[in-house]
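This report refers to the structure that appears directly beneath it.
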Amino acid sequence: MALTGDQIRFFRHNGFLRLPGQLPEETIARLKATILNDVTNAVEPVQRDKHGDVIRLSQLLDRDSIFGEIATSDLVLDSLESLLGPNIEIITNRHNHATLNPPSRGYTAFHRDVVQWSRDIVTVLFYLEEATVDNGCTNVIPGTHLFNWIQNEGAKTSVEGLLGDDLRAQAVPLPSPAGGLAVIDSQIFHRVGTNLTDGTRTSMTFGYVSVDELAGVQDPYRILVRGESAYGGNVARSTM
Ligand SMILES: O=C(O)CCC(=O)C(=O)O
């Protein structure tokens, strides 16, 4: 569904937005079953916590066609078009993963999804289980996507060490029903909440960008999912 002007303004101002619409129960069940199968069989690439438990499945788009089907469905792209314009690519080398957030994971740090504000992306979170304050829903610090004077250290996306208590105190939880979707500006300070329950809190995360009008070559890690790869650069090449 296309976003309203107020939803677009809210996103630009605050750096996050709950998207309209919800994944149907049957889709959630298919996604969860596929994820559970790969977790049970520890199909690489996976990330584990300090106890050796799988906490993340990477490279979802290579695992099963259902992931691409849902990540590029009209439910998602119709809303993203309101933010990114008609030409949209999905990113395969950032996000593209499922997060289980088991209680054993403990505290996770505030981070940005990309280091450079001029290379921003938007991140869509697909909640496959209800996300609550207790089981570690996403936490965001509203408006901090505009705080580009707080510079990440080197190539690290973590900003935890750079945050003062004054800013940390502004964090808000983003609970969601199972099947709910949220979009964040990837420069916003955010973290997966701490899971204080016995269960998991499974989500999928995909990153999207507008087609880069100045890219002379196709980035092999980006796949056009809507519109066209419209090149708009000047013809002349500088010799600088
Ligand atoms: O699942 C979440 O709550 C957030 C995920 C996230 O921050 C990430 O994958 O970078």
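Among the residues of the stretch 189-219, how many are at pLDDT below 95, of a type in the set (Gly, Ala, Ser) and within 15 Å of the ligand (Cβ to nearest atom)? Final tally of qualifying residues: 1. Going by what's in this entry, would residue 76 be described as at pLDDT 90 or above, within 16 Å of the ligand (Cβ to nearest atom), in contact with an Asp or Glu (Cβ under 8 Å, 6 or more places away or on another chain) and more than 20 Å from residue 47 (Cα to Cα)? Spelling it out, it is not the case that residue 76 is at pLDDT 90 or above, within 16 Å of the ligand (Cβ to nearest atom), in contact with an Asp or Glu (Cβ under 8 Å, 6 or more places away or on another chain) and more than 20 Å from residue 47 (Cα to Cα).
For the subset of the stretch 28-76 comprising residues that are acidic (Asp, Glu) and part of a helix (DSSP H, G or I), which member is nearest to residue 182 (Cα to Cα)?
The first filter runs over the stretch 28-76 and keeps only residues acidic (Asp, Glu), leaving 38, 44, 49, 53, 62, 64, 69, 74.
Subsequent filtering for residues that are part of a helix (DSSP H, G or I) retains 38, 62, 69, 74.
Details: 38: 24, 62: 23, 69: 18, 74: 15 Å.
The extreme case among them is 74.
So, residue 144, is that one buried (at least 17 other Cβ atoms within 10 Å of the Cβ), modelled with pLDDT under 95 and in contact with a helix residue (DSSP H, G or I) (Cβ under 9 Å, 6 or more places away or on another chain) or not? The answer is no for residue 144. Residues in the stretch 93-121 that are away from the ligand (no atom under 12 Å from the Cβ) and more than 21 Å from residue 48 (Cα to Cα): 115, 116, 117, 118, 119, 120.
Listed by first and then second residue, the pairs with beta-carbon distance under 6 Å, at least 6 apart or on different chains, first residue in the stretch 52-65 and closer than 19 Å to residue 208 by Cβ and within 15 Å of the ligand (Cβ to nearest atom), second assigned to a helix (DSSP H, G or I) and not β-branched (Val, Ile, Thr), are 60/67; 61/67; 61/68. The set of residues in the stretch 1-23 that are part of a loop (DSSP other than H, G, I, E, B) and more than 20 Å from the chain's Cα centre (by Cα) contains only 4.
Here is a yes/no grid of residues against (1) among the basic types (Lys, Arg); (2) crowded, with 18+ Cβ neighbours inside 10 Å:
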{"site": "5", "(1), (2)": "no, no"}
{"site": "20", "(1), (2)": "no, no"}
{"site": "30", "(1), (2)": "yes, no"}
{"site": "47", "(1), (2)": "no, no"}
{"site": "72", "(1), (2)": "no, yes"}
{"site": "76", "(1), (2)": "no, yes"}
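The values are calculated or read from the model by the stated rules, or taken from the named source; none is laboratory data. None of the values given here were measured: they were computed from a predicted structure. All Cβ positions, even for glycine, are placed from backbone atoms using ideal geometry, and neighbour counts span all protein chains on display.
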